[in-house]
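The values are calculated or read from the model by the stated rules, or taken from the named source; none is laboratory data. Values in this document were obtained by computation on a predicted structure and should not be read as measured data. No Cβ is skipped: glycine too gets one built from the backbone with ideal geometry, and neighbour counts run over all protein chains shown.
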Amino acid sequence: MNELPDRKHPHRLPDEVYKTQRSPIFVTLAVKHGADSFVPRLAGIVVDVLRERAARFGLHLHAYCLMPDHLHVVCSVANSQSSFLSFISRFKSEVSRRAHQMGLVEFAWERSYWDRYARDDEDVLAMIQYVLDNPVRERLCERWEDWPWSEYLGDP
């Protein structure tokens with residue numbers, strides 16, 4: 001998941017996707033290689049900031065899963081005042097700020113993130129299932145419900 005240093009993210013969704021209400025977006029944010037792991041030390045902070053910033057910037061959270069070195073989120077824009085791009089930026093900066101306050105100075109995010117949007121209901125369900133099953137695929141637990149840092153919050 002390392003980025004090339006001389007290249008920006010190779011693809012960003014069209015601006016209208018980030019403004020389309022009820023069009024779920026699947027996002028993956030990763031920590032830089034060698035940075036402190038999220039779990040368990042930062043897990044509570046990440047989840048708290050995720051919820052705070054989603055509410056502040058008008059996003060519905062549908063599901064998330066915090067893995068040791070990355071975070072998956074399925075969310076959608078709630079209204080015309082929502083700001084997905086501000087949400088991502090402020091979320092990352094606030095988690096970093098709180099981690100550094102805790103003395104976790106090695107914590108850092110990858111510069112960019114990966115995202116895609118759901119084209120239909122089946123795609124949304126597949127996104128949510130992928131997110132929730134991530135710790136099972138990585139053999140961190142037997143059922144997604146057993147992973148303490150994931151949650152299904154409802155359909156879009």
(request) Could you check, for segment 47-59, whether at least one of its residues is touching a helix residue (DSSP H, G or I) at 6+ places or on another chain (Cβ under 7 Å) and β-branched (Val, Ile, Thr)? (result) yes
(message) Please go through (1) free of Cβ contacts under 8 Å to residues at least 60 places away in the same chain; (2) more than 13 Å from residue 25 (Cα to Cα) for residue 77 and return the number of the only condition it doesn't satisfy.
(response) (2)
(message) Just to be sure before I move on: is residue 71 farther than 23 Å from residue 21 by Cα and in contact with a strand residue (DSSP E or B) (Cβ under 9 Å, 6 or more places away or on another chain) in the structure I sent?
(response) no
(request) Return the total of residues in segment 54-66 being more than 11 Å from the chain's Cα centre (by Cα), surrounded by fewer than 21 Cβ atoms within 10 Å (Cβ to Cβ) and closer than 24 Å to residue 130 by Cβ. (result) 1
(request) Name the residue, out of 127, 102, that is touching a residue at least 60 places away in the same chain (Cβ under 8 Å) and more than 22 Å from residue 41 (Cα to Cα). (result) 127
(message) Quick check on my filter: what residues within segment 96-138 are over 13 Å from residue 74 (Cβ atoms), over 13 Å from the mean Cα position of the chain (by Cα) and not in a helix (DSSP H, G or I)?
(response) 102, 103, 104, 105, 106, 107, 108, 111, 119, 120, 138
(request) Count, please, the residues in segment 70-88 that happen to be at pLDDT 90 or above and either of a type in the set (A, V, I, L, M) or under 14 Å from residue 116 (Cα atoms) (or both). (result) 7
(request) Kindly indicate whether residue 138 is over 20 Å from residue 13 (Cβ atoms), without any contact (Cβ under 8 Å) to a residue 40 or more places away in the chain and surrounded by fewer than 20 Cβ atoms within 10 Å (Cβ to Cβ). (result) no
(request) Could you list, in sequence order, all residues of segment 78-95 that are assigned to a helix (DSSP H, G or I) and surrounded by fewer than 20 Cβ atoms within 10 Å (Cβ to Cβ)? (result) 85, 86, 89, 90, 92, 93, 94
